[in-house]
Every structure is written in structure tokens, then in C-alpha cells.
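Visitor: Quick one: the structure is below, and I'll ask about it shortly.
The values are calculated or read from the model by the stated rules, or taken from the named source; none is laboratory data. From a predicted model like this one, the values you see are computed outputs, not experimental measurements. Methodologically, a virtual Cβ is constructed for each residue, glycine included, from the backbone with ideal geometry; neighbour enumeration extends over all protein chains shown.
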Amino acid sequence: MGCSLCNTNTDSSRPVMLDTYDWLNDIPDTSYESNIVEIRFKGTRKEFFRNEEGIHLKRDELVVVSCSPGHDVGAVSLTGRLAELQFKRKVKNQEGYDWNRIYRKAMPGDVIKWEKAKSRENEVMIRARQIANELNINMKISDVEFRGDNTKAIFYYIADQRVDFRELIRKFASEFSIKIEMMQIGARQEAARIGAVGSCGRSLCCSTWRTDFSSVTTDAAIKQGLSPNAEKMTGHCGKLKCCLTYELDQYLEAQEDFPNELLTIETDKGLARHFKTDILQKKISYKTDHADGRIFVLDLEDVKKFLNMNKRGQKPSIEGFAELAPKQENMMNVGNLDEKFFSKPTPAKNRTQRLVKLKSSSIHKKTKSVE
């Protein structure tokens, strides 16, 4: 159930954060069209199951599902036609997919046992990191996920090189008395499991809806005319932001109208060199070699026109074209302040005492001189 005050999902199977807008709320129930159900577990792990018993399921309901071995508890994320479409999109080898089935809706006893298993995760993760350090294994235990039946745990780890963790698994099994499964993940997957808020002010794409983690290169930022600032271009995972590829196709399509090389233009004011390009607006800024260094903005069609005029030996005039407004260094400048506002005033009492001391000292000097 969701909290009516802050729209926060209080279901323990989902992270406690402000939920996103439900775009699927108005879609009619299509569970009768397909028995495929998508189940959400801890973090971003989702799997597909068969609803062979025909149980009527709704989103966010807890269900008990079969796994190898034992059983697990998860929350329903998609049903019916939408789950089938998601299955076709995410699973490449659909014929060889290992189907498991849904047993039933979670009973109170199942939920209590599942929550008891989940309560061990943080303690086990800390102890697992200590054991890995004791064995001098170059790896990082990122997260631990217990199965709903409390008989098996998945240890997610990050390692730059191949790790021989056979001794580590034996230590874990004897220490925690459970079956161990080691799963290697990357930096992007770790950020998706932890979750955070991006520079846009919304939850990370990888922890909400994005499932594929294709590599992002610096070429995507360069083609969009973005500043190659490593601090602004990298996300919480330390890699380049995935959103750099969202508008890349639009930029590549707009660049098809641009000439292969933005040459220097000969104008009546001298040479004008390329300064800045606004790809989507199809505007190009040039800066003259004159002493004043005038910067003016041209449309793409004007640039092509001026280049053709240069080929014919003509020097076009740049009068009448909009100049680029100079960048204001400080928008909050309120003028100069008087220094007296920052100087600490002398208390009246202390000033009076000083005057009394000065008078007494002058009187004392006069009496000495008389003597």
C-alpha cells in the first residue's frame, strides 16, 4: 500500500523512495491474454514466471514462486499482454528459457519468514567483506540477497580481474550456514541496485526503467557539442552518463545539413573563425580577428551563402547580424559596500574608560613636571 501523505511505497519489496508516475494505471487488465508474469525481487532483479494455476494477480502483490532449489518471495510488476511483450524484448533465447511457476499469493507466514531472511542481509554483507579482506582477495562485496526460504543467498561482487573464490565460498558456507551463489556485476549494475538521484533531480534511469547497459563513449558528448567536463559527464557509477545517448540520434540527424568542415569566412571586417555551434537551432557563432574580437551569429544557410561568396572572391558584410551577448560574470552584483559595515564598533563603555585613563595619565604627567 502507498502512503497517502507523500506517495511513498511502503512495501518492503521495493525501495522506500518517492514513487514515479504510473503510466500504466489506465491500461485495462489483460492477464487473461497471457499467463506470463514478471516478478520483481530485491534491487533491479526481475524474472518471468508462468501463472499456470490462473491466480488473479495485481501489481505489487507478494507471491511465492518456485526456484532451484526451494522457493522465493517477490512482488508482481507486470501481468498479461504487457509481461509477454516485456519478455520478448528482454529475453533473447526465448525457446531455451527456464520457466518456473507461481505457487500462490504470499501468506502471513511466508512474509514473516521472508522478512526474517532479509533482516540478515546487512549483517552478512559486513561480515563477508571482512572475510574477503582476511583472505586478501581483491574484490568488493557489493550486496547480499537472501532467498525467501532463508536457505540460499546471492553475493553480488565487483572485481577488476578474475577471482578464485573457492576458499571464500567454503568460508561463507560454514560461517552463514546457507547455500552460496556468487554473481559478478559491474559499476553500472551496482549503481542501479543502490539507487540515487541524478543531476536532473529524478531517480537514476538504471534503477527505475533502464535494463540494458550499453557502453557510452566520449564521442557521444563531442558530437552533441557538450563540454568534455569529466565531473559533469560522469554519473554515480563513475562511468559516462547513459542519458548522453538519448538525444544523440537527433543531433546526428541535424548535423547532416552542416558542411563537413566549418571553414574560416573572409568578411569585410577581416577573417572570422568558427567559435561555437548550436546544432539543433542550426546557428553558428563566428569571431573576427579584429582587435575588438566581435562575435556574431549566423544561420546555417547564411554560412553556406558566405562560403560560396568566398569561393567567388567576394567578402560579405557582417553588418546587421546579431551579436552574441557577452557573458555576465556576476548576476548578483549589488555594487560596492562601505567597509564600515564590516568593522566592529567600539562599545561606548570601553571608549569612556579609555578617555578616563588618558585624562588621568595626562594629569599625572603635569603633576610630575610641576614637582
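Visitor: Can you pull out every residue in region 218-264 that is basic (K, R) and more than 22 Å from I194 (Cβ to Cβ)?
Guide: Here is the first cut: in region 218-264, the ones basic (K, R) are 223, 232, 239, 241.
The one that is basic (K, R) and more than 22 Å from I194 (Cβ to Cβ): K223.
Visitor: If I154 satisfies all but one of (1) in contact with a helix residue (DSSP H, G or I) (Cβ under 7 Å, 6 or more places away or on another chain); (2) over 30 Å from K282 (Cα atoms), what's the number of the condition it fails?
Guide: Going through (1) in contact with a helix residue (DSSP H, G or I) (Cβ under 7 Å, 6 or more places away or on another chain); (2) over 30 Å from K282 (Cα atoms) one by one, I154 breaks only (1).
Visitor: Pick from P259, P228, P326: which is modelled with pLDDT under 85, under 30 Å from C206 (Cα atoms) and surrounded by fewer than 16 Cβ atoms within 10 Å (Cβ to Cβ)? Lay out the reasoning, then the answer.
Guide: Working: P259 fails: under 30 Å from C206 (Cα atoms); P326 fails: under 30 Å from C206 (Cα atoms).
The unique qualifying residue is P228.
Visitor: Now, a different point. Take the residues in region 270-289 that are among the aliphatic types (A, V, I, L, M) and crowded, with 17+ Cβ neighbours inside 10 Å; name whichever of them is nearest to S227 (Cα to Cα). Spell out how you get there, then give the answer.
Guide: The first filter runs over region 270-289 and keeps only residues among the aliphatic types (A, V, I, L, M), leaving 271-272, 279-280, 284.
Next, only the ones that are crowded, with 17+ Cβ neighbours inside 10 Å stay: 272, 279, 284.
Numbers: A272: 22, I279: 14, I284: 16 Å.
Per the criteria, the residue is I279.
Visitor: While we're on this one: Tell me which residues, restricted to region 100-132, are within 16 Å of V63 (Cα to Cα), of a type outside the set (K, R) and outside any helix (DSSP H, G or I).
Guide: N100, I102, Y103, A106, M107
Visitor: Just checking, which of D219, D212 is surrounded by fewer than 15 Cβ atoms within 10 Å (Cβ to Cβ) and either within 26 Å of F41 (Cα to Cα) or of a type outside the set (D, E) (or both)?
Guide: On the way: D219 fails: either within 26 Å of F41 (Cα to Cα) or of a type outside the set (D, E) (or both).
Result: D212 is the single residue among D219, D212 that is surrounded by fewer than 15 Cβ atoms within 10 Å (Cβ to Cβ) and either within 26 Å of F41 (Cα to Cα) or of a type outside the set (D, E) (or both).
Visitor: Before we move on, is L262 more than 28 Å from K46 (Cβ to Cβ) and either in contact with a His (Cβ under 7 Å, 6 or more places away or on another chain) or among the basic types (K, R) (or both)? Even if it seems obvious, please write down each step before you answer.
Guide: Numbers: more than 28 Å from K46 (Cβ to Cβ): yes; either in contact with a His (Cβ under 7 Å, 6 or more places away or on another chain) or among the basic types (K, R) (or both): yes.
Judged against the criteria, L262 is a match.
Visitor: For region 216-274, name all the residues that are among the β-branched types (V, I, T) and closer than 30 Å to F306 by Cα.
Guide: Within region 216-274, the first condition is being among the β-branched types (V, I, T), and the residues that meet it are 216-218, 222, 234, 245, 264-265, 267.
Hits for region 216-274 are I222, T264, I265, T267.
Visitor: Follow-up question, since we're still on this one. Can you tell me how many residues in region 153-193 are among the small types (G, A, S) and touching a residue at least 12 places away in the same chain (Cβ under 8 Å)? Walk me through it before giving the result.
Guide: Within region 153-193, the first condition is being among the small types (G, A, S), and the residues that meet it are 153, 159, 173-174, 177, 186-187, 191-192.
Restricting the remaining residues to those that are touching a residue at least 12 places away in the same chain (Cβ under 8 Å) gives 153, 159, 186-187, 191-192.
Selection size over region 153-193: 6.
Visitor: Restricting to region 237-279, name every residue that is part of a loop (DSSP other than H, G, I, E, B), touching a residue at least 12 places away in the same chain (Cβ under 8 Å) and in contact with a strand residue (DSSP E or B) (Cβ under 9 Å, 6 or more places away or on another chain). Can you show your working first?
Guide: In the first step, residues of region 237-279 are kept if they are part of a loop (DSSP other than H, G, I, E, B); the result is 237-239, 241, 246-247, 256-264, 268-269, 279.
From what is left, the residues that are touching a residue at least 12 places away in the same chain (Cβ under 8 Å) are 237-239, 241, 247, 257-259, 262-263, 268-269, 279.
Within region 237-279, K241, F258, L262, L263, K269 qualify.
Visitor: Check region 61-70 and report whether any residue there is assigned to a loop (DSSP other than H, G, I, E, B) and among the charged types (D, E, K, R). Walk me through how you get there before you give the answer.
Guide: Quick first cut of region 61-70, residues assigned to a loop (DSSP other than H, G, I, E, B) only: 61, 67-70.
Of the ones still in play, those that are also among the charged types (D, E, K, R) are 61.
Scanning region 61-70 turns up at least one residue that is assigned to a loop (DSSP other than H, G, I, E, B) and among the charged types (D, E, K, R).
Yes/no per residue for (1) out of contact with any Leu (no Cβ under 9 Å at 6 or more places or on another chain); (2) at pLDDT 80 or above:
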| site | (1), (2) |
| --- | --- |
| T10 | yes, no |
| D26 | yes, no |
| V37 | no, yes |
| T44 | yes, yes |
| N51 | no, yes |
| V63 | no, yes |
| E95 | yes, yes |
| P108 | yes, yes |
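Visitor: Starting from residues that are part of a loop (DSSP other than H, G, I, E, B) and in contact (Cβ under 8 Å) with a residue 40 or more places away in the chain, keep the ones in region 133-152 and report whichever is surrounded by the fewest Cβ atoms within 10 Å (Cβ to Cβ).
Guide: Within region 133-152, the first condition is being part of a loop (DSSP other than H, G, I, E, B), and the residues that meet it are 135-139, 147-151.
Those left that are additionally in contact (Cβ under 8 Å) with a residue 40 or more places away in the chain: 147-149, 151.
Details: R147: 22, G148: 25, D149: 17, T151: 14.
Residue satisfying both the conditions and the ranking: T151.
Visitor: Just need a number here: residues in region 162-200 that are assigned to a helix (DSSP H, G or I) and hydrophobic (A, V, I, L, M, F, W, C). Let's see the steps before the verdict.
Guide: Of the residues in region 162-200, the ones assigned to a helix (DSSP H, G or I) are 166-176, 187-194.
Next, from what is left, pick out any that are hydrophobic (A, V, I, L, M, F, W, C): 168-169, 172-173, 176, 187, 191-192, 194.
Total meeting the criteria: 9.
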